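Q: Got a structure here, written out as structure tokens. Questions coming.
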Amino acid sequence: MENKKRLLSVYFTAGYPQLDSTVPVAAALQDAGADFLEIGFPYSDPVADGPVIQHSSSVALRNGMTLTVLFEQLKDLQEQIRIPVFLMGYLNPVLQYGMDEFCRSCKETGISGVIIPDLPLYEYEALYKDLFERHGISFVFLITPQTDEARIRRIDGLSNSFIYMLSSPSVTGQSLSLTDDTLDYFGRIRDMQLKSPVVVGFGIGNHEAFRTATDYADAAIVGSAYVRLLGTENPLQHTAGFIDSIRNGPLP
């Protein structure tokens, strides 16, 4: 399948490398041509994250990043950022902040949706679905190679933004392994013809992985590769080149 859009999302950690980096990084990615963004809010026990994102979360927490600080930083987001922005993180900080207040803050700052991987599907439906819908905040569900068709169909029926397709059940930061099993998985999800757009994440760190993922899905998410760049000198000056290398391949 030739996907004409090949949308690109980029994940980065709020408050990294500096506490006040969040909005400048978002603006640099927008200017470089990212189609939508995922801002991660750090947590002290990020079990699904690889070492790069774990390190960025640790630094952000030491810098003083919290959900309260993040929403304060994002209060003027809509004046600068025109592309959709999603928040991604773990359930514990959200519960401590308060789920109702969290949804209200997302709405007030113009956040399009949230990704909370450790919030179970049944718990979302039973306790929080009405709350998210009342505030107009999309909840993004994850699927893996082990997710069965019945659950995927159920997720598709609940989704109103996109489905986050993990390329593998491993942690973030692993390179995409283009095995027959991976391509069969991508093809199986594509052939289900879901109503929701499908976005591939985990392991998208170069042009080849991006092209392969978007042969099968609507978009791909780059995370660890960009967070790694943020840990280098003058990263915002190199953001446009990074995005171009993902979309078009590295310069010869």
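The values are calculated or read from the model by the stated rules, or taken from the named source; none is laboratory data. All of these numbers come straight from a predicted model, not from anything done at the bench. Methodologically, a virtual Cβ is constructed for each residue, glycine included, from the backbone with ideal geometry; neighbour enumeration extends over all protein chains shown. Only protein heavy atoms, including side chains, enter the accessible area calculation; ligands, DNA and RNA are left aside. Shrake-Rupley method; radii C 1.70, N 1.55, O 1.52, S 1.80 Å.
Q: Just to be sure before I move on: is Asp100 assigned to a helix (DSSP H, G or I), of a type in the set (Asp, Glu), out of contact with any Asp or Glu (no Cβ under 7 Å at 6 or more places or on another chain) and at negative phi in the structure I sent?
A: Criteria met by Asp100.
Q: On to the next question. Go through segment 208-237 and give me each residue that's in contact with a helix residue (DSSP H, G or I) (Cβ under 6 Å, 6 or more places away or on another chain) and surrounded by fewer than 19 Cβ atoms within 10 Å (Cβ to Cβ).
A: If the condition is that a residue be in contact with a helix residue (DSSP H, G or I) (Cβ under 6 Å, 6 or more places away or on another chain) and surrounded by fewer than 19 Cβ atoms within 10 Å (Cβ to Cβ), then Arg228, Leu229, Leu236 are the ones that fit.
Q: Return the only residue of Phe202, Phe139, Phe132 being of a type outside the set (A, V, I, L, M), at pLDDT 95 or above and closer than 17 Å to Ser9 by Cα.
A: Phe139
Q: Among the residues of segment 1-26, write down those that are farther than 15 Å from Asn63 by Cα and either in a loop (DSSP other than H, G, I, E, B) or among the small types (Gly, Ala, Ser) (or both).
A: Met1, Glu2, Asn3, Lys4, Lys5, Arg6, Ser9, Ala26, listed by residue number.
Q: Does Ile53 count as outside any loop (DSSP other than H, G, I, E, B), within 16 Å of the chain's Cα centre (by Cα) and at pLDDT below 95?
A: Against the criterion (outside any loop (DSSP other than H, G, I, E, B), within 16 Å of the chain's Cα centre (by Cα) and at pLDDT below 95), Ile53 qualifies.
Q: Got a sec? Which of Leu74, Leu95 is at pLDDT 95 or above and open to solvent by less than 70 Å² (accessible area, probe 1.4 Å)?
A: The conditions single out Leu74.
Q: Of the residues in segment 56-66, how many are assigned to a helix (DSSP H, G or I) and either in contact with an Asp or Glu (Cβ under 6 Å, 6 or more places away or on another chain) or buried (at least 21 other Cβ atoms within 10 Å of the Cβ) (or both)?
A: Of the residues in that region, 3 qualify.
Q: Which ones in segment 222-252 are free of Cβ contacts under 8 Å to residues at least 12 places away in the same chain and either in a helix (DSSP H, G or I) or among the charged types (D, E, K, R) (or both)?
A: Glu233, Gln237, His238, Gly241
Q: Further, regarding this structure: Looking at segment 126-163 only, could you name the residues that are without any contact (Cβ under 8 Å) to a residue 40 or more places away in the chain, acidic (Asp, Glu) and surrounded by fewer than 13 Cβ atoms within 10 Å (Cβ to Cβ)?
A: Once the filter is applied, which keeps residues that are without any contact (Cβ under 8 Å) to a residue 40 or more places away in the chain, acidic (Asp, Glu) and surrounded by fewer than 13 Cβ atoms within 10 Å (Cβ to Cβ), segment 126-163 yields Asp130, Asp148.
Q: Quick check on this structure: which one of Leu29, Leu87 is buried (at least 22 other Cβ atoms within 10 Å of the Cβ), in a helix (DSSP H, G or I) and within 16 Å of the chain's Cα centre (by Cα)?
A: None of the others qualify; the one that does is Leu29.
Q: Looking at this structure, is Arg82 open to solvent by 10 Å² or more (accessible area, probe 1.4 Å), over 21 Å from Val227 (Cβ atoms) and in a loop (DSSP other than H, G, I, E, B)?
A: In short, yes.
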